[in-house]
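Quick notes on the structure that follows.
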Amino acid sequence: MSEPSLRVPAGHGALPAAAKKSLPMPRVDFRNPLGAAALYAPESLAWEIFKNPVSLFVGGVTAVLLELGEPRVRSGVWGHSIFPTDPVTRMRRTGAVTHISVYAPRAVARQVIGAVVRMHEKVHGTTPDGEAFHANDPALLNWVQATVGYGFMEAYAAYCRPLTDADRDRSYRESKPAADLFLATGAPTSLAEQRAQFEAARPSIVSHPIVFEFLDIMKKTKAVPAPLRPFQWMMVRAAIAILPHWAIEQLQLDGPEWRLKGWERRMIKGLGALFERLPIRSAPPAQASLRMGRPANFLYRK
């Protein structure tokens, strides 16, 4: 849903909150203080997954599609954020929160996540069908956390590096400290729990014109770094391709215009493999690795 404004390093932006109120937030230095642990260990799967811009973008789109399928989450996201009017700012801010949650020192991550929780406390209303919602409703927080975990991990597994079910279990376990800070205390901690939550949510996931408005924005907006822009729409369809089959049908994304062709899948996988080996020294993953006494290419040598 909505996030606070953040003053973060160049490339992530200092942005206004959806409520047009700025919260004082620290400038994030991922390199310092030396040895300051993050919420996730350097050897965690999260450090691997979120270093790759392919899994970051593709997984983010997958998560948003699942969230927009849930009527209460959809009303919160679309009615209480700047996404419809300024999607690039919204996505950069979300990406900043994600990188801070994974790579920043724990104290900074806790402060930023706390600001997100306080902002969510102000987000409430009623869906067009008359159902009340509140952004800090535990059920909605658990669903959002489940979609985020699923989207980023399955994007990484499909297009960057294969993962086993044991890897998936490990990733869900590792995410619990951050999920708890977001108040998603019932978020899945295993693959089995994720599947159970998806099955429970399945009856409530429906298509809506906002889903297609979001996809149209993703088609027309420059939402990825310049080298990836020729592939952006392909990457959006790559995000649709990793949705559960039932979600593709219920969101009405099973038409030929939404399908990823075989050669396009191979192209996205090639990009994912490339960024598995291409460290960006100024980016949070490399800077955090240096903070933790690892080389800047620590995450890129496997």
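The values are calculated or read from the model by the stated rules, or taken from the named source; none is laboratory data. What you see is a predicted model; the values in this text were computed from it and never measured. Every residue, glycine among them, receives a Cβ derived from its backbone with ideal geometry; neighbour counts consider all protein chains shown.
Annotations
- Any hit, the stretch 88-97, residues being touching a Ser or Thr at 6+ places or on another chain (Cβ under 9 Å), of a type in the set (Gly, Ala, Ser) and touching a residue at least 40 places away in the same chain (Cβ under 8 Å): no
- Against the list (1) buried (at least 23 other Cβ atoms within 10 Å of the Cβ); (2) at pLDDT 95 or above, the condition Thr164 fails is (1).
- Of all residues in the stretch 230-262, those satisfying the criterion of being of a type in the set (Gly, Ala, Ser) and in contact with a helix residue (DSSP H, G or I) (Cβ under 8 Å, 6 or more places away or on another chain) are Ala238, Ala239, Ala241, Ala247.
- The stretch 169-183 - residue that is without any contact (Cβ under 8 Å) to a residue 24 or more places away in the chain and under 16 Å from the mean Cα position of the chain (by Cα) and, of those, surrounded by the fewest Cβ atoms within 10 Å (Cβ to Cβ): Lys176
- Lys219, sole failed condition from (1) under 21 Å from Tyr150 (Cβ atoms); (2) at pLDDT below 95; (3) part of a helix (DSSP H, G or I): (1)
- When residues in the stretch 255-269 are screened for being under 17 Å from Leu215 (Cβ atoms) and among the small types (Gly, Ala, Ser), 1 of them pass.
- Residue that is modelled with the highest pLDDT, among those in the stretch 262-293 that are crowded, with 16+ Cβ neighbours inside 10 Å and not in a helix (DSSP H, G or I): Met292
- Cross-chain or 6+ apart pairs with Cβ under 8 Å, the stretch 184-204 first and within 18 Å of Ala247 (Cα to Cα) and in contact (Cβ under 8 Å) with a residue 40 or more places away in the chain, then basic (Lys, Arg) and assigned to a helix (DSSP H, G or I): Gln194/Arg168
- The condition (being outside any loop (DSSP other than H, G, I, E, B), of a type outside the set (D, E, K, R) and crowded, with 16+ Cβ neighbours inside 10 Å) is satisfied by just one residue among Ala192, Ala200, Ala247: Ala247.
- Qualifying position, being within 17 Å of Leu56 (Cα to Cα), in contact with a helix residue (DSSP H, G or I) (Cβ under 6 Å, 6 or more places away or on another chain), among the hydrophobic types (A, V, I, L, M, F, W, C) and outside any helix (DSSP H, G or I), among Leu183, Leu163: Leu163
- Output for the stretch 111-158, where each listed residue is acidic (Asp, Glu) and in a helix (DSSP H, G or I): Glu121, Glu154
- Test: Thr85 is free of Cβ contacts under 8 Å to residues at least 12 places away in the same chain, more than 23 Å from Ile49 (Cβ to Cβ) and either surrounded by fewer than 21 Cβ atoms within 10 Å (Cβ to Cβ) or more than 17 Å from the chain's Cα centre (by Cα) (or both): yes
- Counted residues, the stretch 4-51 - those being of a type in the set (A, V, I, L, M, F, W, C), in a loop (DSSP other than H, G, I, E, B) and either under 21 Å from the mean Cα position of the chain (by Cα) or modelled with pLDDT under 95 (or both): 16
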